[in-house]
1. When residues of the range 197-211 are filtered for being buried (at least 23 other Cβ atoms within 10 Å of the Cβ), modelled with pLDDT of 90 or more and assigned to a loop (DSSP other than H, G, I, E, B), how many remain?
2. Taking only the range 212-240 into account, find how many residues are aliphatic (A, V, I, L, M), open to solvent by 10 Å² or more (accessible area, probe 1.4 Å) and farther than 28 Å from Met158 by Cα.
3. Would it be correct to say that Thr301 is modelled with pLDDT of 85 or more and either more than 25 Å from Gln206 (Cβ to Cβ) or out of contact with any strand residue (DSSP E or B) (no Cβ under 9 Å at 6 or more places or on another chain) (or both)?
4. Looking at (1) out of contact with any Asp or Glu (no Cβ under 7 Å at 6 or more places or on another chain); (2) within 18 Å of Gln206 (Cβ to Cβ), can you tell me which one Val274 breaks?
5. Which residue pairs have Cβ atoms under 8 Å apart, sit 6 or more places apart or on different chains, and have a first residue in the range 139-154 that is buried (at least 17 other Cβ atoms within 10 Å of the Cβ) and a second that is among the acidic types (Asp, Glu)?
6. Quick check on the range 148-157. Is at least one of its residues modelled with pLDDT of 95 or more and farther than 21 Å from Asn108 by Cα?
7. Filter the range 317-353 for residues that are small (Gly, Ala, Ser), modelled with pLDDT of 85 or more and within 15 Å of the chain's Cα centre (by Cα); which is surrounded by the most Cβ atoms within 10 Å (Cβ to Cβ)?
8. Give the residues of the range 163-181 that are farther than 17 Å from Tyr217 by Cβ and open to solvent by 40 Å² or more (accessible area, probe 1.4 Å), sorted by residue number.
Amino acid sequence: MRDIRRSRLPLLPLFGLLAALLLPLGVTLAPPAAAAQAVEPVRIMPLGDSITGSPGCWRAVLWNRLQSAGYTDIDFVGTLGPQGCGQPYDGDNEGHGGELVTNVADQNLLPARLAATLPDIVVMHFGTNDVWSSIAPDRILAAYTKLVEQMRASNPDMRILVAQIIPMNPSSCTGCAQRAVDFNARIPEWARTTSTSRSPVTVVDQWTGFDTATDTYDGVHPSALGNEKIAARWYPALAALLDPGPGDPGDPGDPGDPGDPGEPPACTASFRAVSAWQGGYQGEVTVTNASASSVSGWTATVVPADGARLTQVWNGTLGTTADGTATVANASWNGTLAPGASASFGFIAGTPATAGPPSATVTCTARPASS
């Protein structure tokens, strides 16, 4: 991948000119240290509303996890500063409490913020207030598109991570939970049509596996456990955009470890019922790379019990056979898994009136990274 960091102009041409002028006088100059290529850190903008910035302590968790993994040549940027979180971290961010992404787009607020901070990567969790305000998904996604255009005007090589927003279930908004589901279901297709090879848009599923009862303190804003979950979802997607960390030379799969070239990739799959109602339920399947090397893609097989049928899938591509068995292939953004890494997809299943509690048998197959 091309280096996404911004390089300062090299100093050697100026040095060479000075040397040529001073040489007839018998004066020589030693080359300045590291003059040829002074490289700035990768600048990462966390963008959003109060979930990102007030105080948005998942940023602190994410920052320290990146530092511990060896990703130290980074700089979180934004026009706002840190708001606590009880641990040292780079707290600069662009998470404005109460903001609607549609207002940011309509009022053209982002260009000035980009000009002030010059990010290379944007990490965006935005739209919660819009969903709460019953703004239609089409309008929210149009705002997303405008913001992406402004990001690319600032930096044509911008890398953009966009969240499927965490669930919301505030006591004052009975329709918010379903509206969040409906909005999140639209994001993957929007990202597919918006992404380019030069400026990719990657969807990060922050919704699946997030429970408002335990992971928020008010049905909307993340608790300490919620912050850990959010950071854990951002981490692999962000790390994939950064230069590789140092790693442990003794780990299986490191360069120089030949491993077993004949061993096929392996994966495991697990099922979890998220919620159920008369005539259907919501489920989640997690696929984990059980190999010692990376895989480039996976396919899960889901056999629902009691005649249930999958009717909707997000973060994967659904195929269904006549007997109700469903196959779900990875999406374009979640197929590559490092050893031990996981990806999840969610689904809605319809059930007969006589069906018992949600249950499904799940298996998976994986493709090697070289395929």
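1. Selection size over the range 197-211: 1.
2. Result for the range 212-240: 3.
3. Yes: the conditions hold for Thr301.
4. (1)
5. Within 8 Å, the pairs are Ile140/Asp130; Ala143/Asp106; Ala143/Asp130.
6. There is no residue in the range 148-157 that is modelled with pLDDT of 95 or more and farther than 21 Å from Asn108 by Cα.
7. Among residues in the range 317-353 that are small (Gly, Ala, Ser), modelled with pLDDT of 85 or more and within 15 Å of the chain's Cα centre (by Cα), the one surrounded by the most Cβ atoms within 10 Å (Cβ to Cβ) is Ala343.
8. Thr174, Gln178, Arg179
The values are calculated or read from the model by the stated rules, or taken from the named source; none is laboratory data. No experiment lies behind these values; they were computed from the predicted model shown. FYI the Cβ positions are ideal-geometry reconstructions off the backbone, even for glycines, and counts take in every protein chain you see. Areas reflect the complete protein model, heavy atoms only, side chains present, ligands, DNA and RNA absent. Shrake-Rupley method; radii C 1.70, N 1.55, O 1.52, S 1.80 Å.
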